[in-house]
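The values are calculated or read from the model by the stated rules, or taken from the named source; none is laboratory data. From a predicted model like this one, the values you see are computed outputs, not experimental measurements. Methodologically, a virtual Cβ is constructed for each residue, glycine included, from the backbone with ideal geometry; neighbour enumeration extends over all protein chains shown.
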Amino acid sequence: MARVLVIDDDTTVSQVVLAYLERAGIEGEQAVDGPSGLAAAQARPPDAVVLDLMLPGIDGLEVCRRLRASWAGLPVLMLTARGEEEDRILGLEVGADDYVTKPFSPRELVLRVQSLLRRAAPVPGLAEESTVFRDGDLVLDPVAHVAQLGGVELALTAREFDLLHWFLAHPGRAQDRDALMRSVWGWEFGDRSTVTVHVRRLREKVEADPSRPRRLVTVFGIGYRWDLAPSHGASDLSDRPGLSR
């Protein structure tokens, strides 16, 4: 059974979230502030974290930074009572995979958590069919859930890994942000800035100069496209035929 750590000082909100997670077959654990949340994660690493932005002791942004430093791939969904776009983007910038703004629908929150858990978990039974993608010194193995650049493993969040996987599976295809939300994460609705932020963070990890990207490029008026290294063609992007998303 998957286990989710809920870090929120509003006990009413936490109890509602925990109840809905339990109905969905997900075990929940509660922490009421930043220090106790970090301690709980350290004592028993969860499969995902639901994290309030405004926390006593250590705020949610710093908690997210510390979680990312210890577990790069740990899915984090941030809760915020603030409606300003700047605050939502800030949460994504420090490493949150997704966010929900209070007041929120508990059912929607659980669906978002389930999506994060599915994306983070390895898919059973695909080892023989899956493709290892290569583009120059960049290698991505979906089964092992590992991406390497120059032989060094990249610290990618679950959302960043999904995005890189999709682009490597569809080189040369321009895609707008709405289509990326649907194709990569299965969202029929959402904030386009989520894609923008994840693209920016991914560029910081795979581009030699993120301000002048050569792999993950912007197609003005449309969206984004992955361009292969000049020495690589579409026919030799992967080791063997396999699945793509």
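Quickly run through the stretch 161-182 and pick out the residues that are under 25 Å from SER70 (Cβ atoms) and touching a strand residue (DSSP E or B) at 6+ places or on another chain (Cβ under 9 Å).
PHE161, LEU163, LEU164, HIS165
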>> Looking at the stretch 137-168 only, could you name the residues that are touching a Pro at 6+ places or on another chain (Cβ under 9 Å) and either surrounded by fewer than 17 Cβ atoms within 10 Å (Cβ to Cβ) or within 21 Å of VAL197 (Cα to Cα) (or both)?
In response: VAL143, ALA144, THR157, ALA158, ARG159, PHE161, HIS165
>> I'd like the full set of residues that are over 20 Å from ALA72 (Cβ atoms) and of a type in the set (A, V, I, L, M, F, W, C), limited to the stretch 14-38.
In response: VAL16, VAL17, LEU18, ALA19, LEU21, ALA24, ILE26, ALA31, VAL32
> What is the number of the single condition among (1) touching a strand residue (DSSP E or B) at 6+ places or on another chain (Cβ under 8 Å); (2) modelled with pLDDT under 85; (3) not in a loop (DSSP other than H, G, I, E, B) that THR131 does not meet?
Replying inline: (3)
>> Among the residues that make up the stretch 77-96, is at least one of them loosely packed, with under 14 Cβ neighbours inside 10 Å and basic (Lys, Arg)?
In response: no
>> Can you tell me which residue is nearest to ARG65 (Cα to Cα) among those in the stretch 201-232 that are loosely packed, with under 13 Cβ neighbours inside 10 Å and without any contact (Cβ under 8 Å) to a residue 12 or more places away in the chain?
In response: GLU204
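It is to be established whether one or more residues within the stretch 23-31 are among the aliphatic types (A, V, I, L, M), surrounded by 18 or more Cβ atoms within 10 Å (Cβ to Cβ), touching a Gly at 6+ places or on another chain (Cβ under 6 Å) and over 13 Å from LEU55 (Cβ atoms).
Checked the stretch 23-31: no residue is among the aliphatic types (A, V, I, L, M), surrounded by 18 or more Cβ atoms within 10 Å (Cβ to Cβ), touching a Gly at 6+ places or on another chain (Cβ under 6 Å) and over 13 Å from LEU55 (Cβ atoms).
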> in contact (Cβ under 8 Å) with a residue 24 or more places away in the chain, crowded, with 18+ Cβ neighbours inside 10 Å and in contact with a Ser or Thr (Cβ under 7 Å, 6 or more places away or on another chain) - does that describe any residue in the stretch 33-47?
Replying inline: no
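Quick one: which residue in ALA41, ALA31, ALA96 is among the aliphatic types (A, V, I, L, M), more than 16 Å from ARG201 (Cβ to Cβ) and either within 21 Å of the chain's Cα centre (by Cα) or not assigned by TED's automatic domain parsing to the domain that holds LEU116 (or both)?
On the way: ALA31 fails: either within 21 Å of the chain's Cα centre (by Cα) or not assigned by TED's automatic domain parsing to the domain that holds LEU116 (or both); ALA96 fails: more than 16 Å from ARG201 (Cβ to Cβ).
That would be ALA41, the only listed residue that is among the aliphatic types (A, V, I, L, M), more than 16 Å from ARG201 (Cβ to Cβ) and either within 21 Å of the chain's Cα centre (by Cα) or not assigned by TED's automatic domain parsing to the domain that holds LEU116 (or both).
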